[in-house]
Each structure stands twice: as C-alpha cells, then as structure tokens.
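One structure is given here, and the rest of the page talks about it.
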Amino acid sequence: MSNKIPVKKKFVFLAVVGVALFLGIMLSFKPLLVAGGVAFFGGLTVFLLKKELAIYLIILTLFFEADVFSFELYGARIRSSQIIASVALMVLLILFGSRKIQLNKTPLDIYLWMYIGINFLALKNSTSLNRSLKISILLLSLALLYYVVINFVTTKELFLKVFKLMVFVGLAEIAYGLYQVVAGMSNTYLGTGFSIGHSGIMQQEYLNSPWGRPYGTLFEPDWYGAIAMFFAILCLILYSFDPSKKRKLYLGGMILSLTGLFFSFVRASWVGFVCALVILVIVRNIMKLKNVKFDILYKLSFLSLLMILLVFSFSPSVNSIIRQRLAVEASPSTSIFPTRFITSKYAIKSFLKNPIFGNGPGSPIVEEGTEEYDEMVDEGLSSLVNLEYTYSLPVSLLTDTGVVGLLLFVLLFVKYVRFNIRNIPTLDSDFQIINFALFGGVLALFISYLATNGLWIPFTWVFLALNLAGIKVAQEHS
C-alpha cells in the first residue's frame, strides 16, 4: 500500500491558500493565530500528500515534554506531538469521510472507549470541574493519538522505518540526559561551565546541581527513567535474539540505556526493569518462542548492572544519592515509602466518597477545609504531599473513575497482554523479536506505573500503538 494519498494537489493547494487568506483578513490583528492557522493547513496539505511524514514527526517530537516545547491553552499544556497528531487526525477524518480509507480496528477498542466514557461520566462527581474536564480531554486526545499511529503505520516497510527512528530518537534522548549528568559533574569537580539545561527544560532546583539530574527534554526526571527503562528492555531483547550485524548497535544501546536508567535514580523504573525481565521469562515459556533464549539476556543484564555499580558506586556523591533514594526511614520528602503511602491512604479515603464512578479525573485528593486536610496539618504533612496527584496508576484509577474505571482498565490491559501472547508466536522471526521487545518495554512501563502515573504522557500511547500496529502489519502482509 502506498503512503501517497490520491488527492488532487491543485484542489488542496487552492483550498489551503483560500483558507489562509481568509484567516489573514479576519484575524489580522492576531498574527500568531494567523501563523498557527497557516501552519495547520499547510501541515494538513503535506500529510494529505504523504501521510508517512506525520508519523515521523510524531516520533521526532515524542519526548519534547518540557515547558519550552509546549504551550498552555485555557490552562491545558499542549505538546508538540499532540499538535502534529491533531493535524494527522484531521487527515484521517478527511480520507475516511471521502471513502479513501477504512479506519483500522484494534483489540482494545471496546474497553478503551468505555474507559474514556467513564472519565467523562465521572465529571459529575468532580469538585474541580475545570481540571477534571481538561484531563478527560487530554485522555481523549491521547486515545486519538493511539489511533493515528494505528491507522498511519499500515505496512511492514513503514513500521520498520518508524521503529528504527523511534530507537534512534529514544537513545538520543537518553544520551542527552547523560550529558546533563556528565556536564554537572564536570562543573562541580573541574570548574567547567557546561550548560545542563535552563528553566524551560529543567526544574529550577536542579539547575547547576552537582549531577544535573537527567531530564533530557522531558518534563520530569521520572519520565526520563521510564524512557531509559523502556529502551533498556528493548535493546536487551534485540541484542540477545537478533542474529544480524546490528547486534553491536543494540549492545551500545543497551549499555547507554542501562547507564541512563541507573543515573535517573527513579526507583519505580528500577523495579519495573527487574520485574519485567522476570515476567518475560514466564511469558516466553507460555508463548513457546524458540528464538528467545534468556540465558544470554540475564548474563548481559547482570554484568551490565554490576559494571555500572562497580564503576560509579565508589563515589561518595553517588552513594549519598543511592542511600537517599532507597531510604525507608527517611523523611517523607526523601523516601518513596512515606510519600506514596500517605497519598494513597488519603486517596482511598477520597475514593470511598464515590466508589462506583470516582471523583472525576485529577480531582484533589484532599481539599482545604476538610477533616482530612486538618488531619494532615496536625500531622505536619500537608506541605509534603501534592494534593492533586496520586503517585500510583491503580490508586489514581480508583480515585478518578471508581471501581468501574479500574475494572475497565484492568480488562483493557489483560486484553492487550493476551493479544500479544496469542499473536507474537505466529509472526515471522524478525517481527516476532521486535514485537516481543516492544511488548516487554510496555510491560515494564505499566509495572513502574504501580508507583507513578504515566497514563497522561504521549509516549505511553505511542509505544502501545506501535506494538499492536507491528503485529497487525506482520499478519496482514505475511
């Protein structure tokens, strides 16, 4: 199937020029809006003529999460990849409406749209309606991004190109984060003046810190850790099972990703990485994948992690950070356990107020003036807990959408796992390895989300969609 769309170029060009002129006349007092309108319709034209460019741009901008790469619209943060996806979605609607294409279905459709619907239904219980509405719309936009990827990646050739681009962009992101670490070390110990980022990329408290905790181009260091974990799993599997000459490249990617994972100091990602490997051994046996031999995988992962620990752990600075990140008896601001448990405890209390459909997406865990807030003040905890954020996806699902929303999401995830287990063994060898690696990376993400929440981040949905698209194109074009 060609990626060039059969649209009359002259007609599209004249339509775009006409709309741009209309915008210029009607909105001449708002030049930025005019520029945005021209850019939108210009992008629409380009994607209509060659739709593969849309998916390339989505991948290239996927990790541009920091403030400098986004803007706020009515209080909602709009990301670069979402802007491109909105134009691509318009292309899909035009082509579908003109009967040029049929939209692809996915195995998650029923549960996904039911879950999205529950989020909007839960708005009636929200005490912070504007925030809940924004998050519901965000979830809807991310689901539509998922469908854009599914409907744009429709051939084996395009899937492989997109996969290679994703690996390159992901490793570049990890490398940039490690540069921030090295630059911070050099500035501290050698007196150099390397830039590790600015306030548009990094949070203020990490500017000019000794280690320049790796952010890459992401909004939070937690998401850098998640990216490093995902690509560590991906490269480990590809290096272990791919017999081609690209193995050395995957070895380099594996070492880079494991180093980035270590220096992210994101505990949820550390746990997600280890647990995913253990689970993948079980899943490999269920799938009966003959090409997948985990003895090599575990030797490589163990030796890589051991090397990182031996090389870097002698440093007092690293030792201090590790002790701080793993401390159980430390104060809530430095330990995962008290903060996570405190927010979860109060979130469960909030959930019990509306246990069926929840309190609405992003509703405050504790509101000022309530008995729970006074209790936190008495315990000296109110300043340590983000009252609008739950540090766990399952707890967040319960609080936001109640038992119904949690059940639907669990069914959705089980459907995703079963689809991979049933279909990956039927694929050709190359696609079997790639999709098993993607499945392993997504599995690790959702394990790490037990202690954090990345459901509102675009890369979660793109990785999920690429995995399903890879299986679909491999089966349809075998």
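Can you classify the stretch 103-172 as rounded, prolate or oblate using the Cα gyration tensor, where a ≥ b ≥ c are the square roots of its eigenvalues, rounded means a/c under 1.5, and otherwise it's prolate if a/b beats b/c and oblate if not? Since a/c reaches 1.5 but b/c is at least a/b, the shape of the stretch 103-172 is classed as oblate. Rounded to the nearest 20 debye, the dipole magnitude of the stretch 91-196 is 360 debye, with +1 charges on Lys and Arg beta carbons, -1 on Asp and Glu beta carbons, and the Cα centre as origin. Hey, if you put +1 on the Cβ of every Lys and Arg and -1 on every Asp and Glu Cβ in the stretch 66-150, which of Met114, Gln102, Ala85 ends up farthest toward the positive end of that dipole? Toward the positive end, the furthest listed residue is Gln102.
FYI, it's all coordinate maths here, none of it is from the lab. Only a predicted model underlies this, so the values are computations on that prediction, with no experimental measurement involved. Virtual Cβ from ideal backbone geometry, glycine too; neighbours counted across all protein chains shown.
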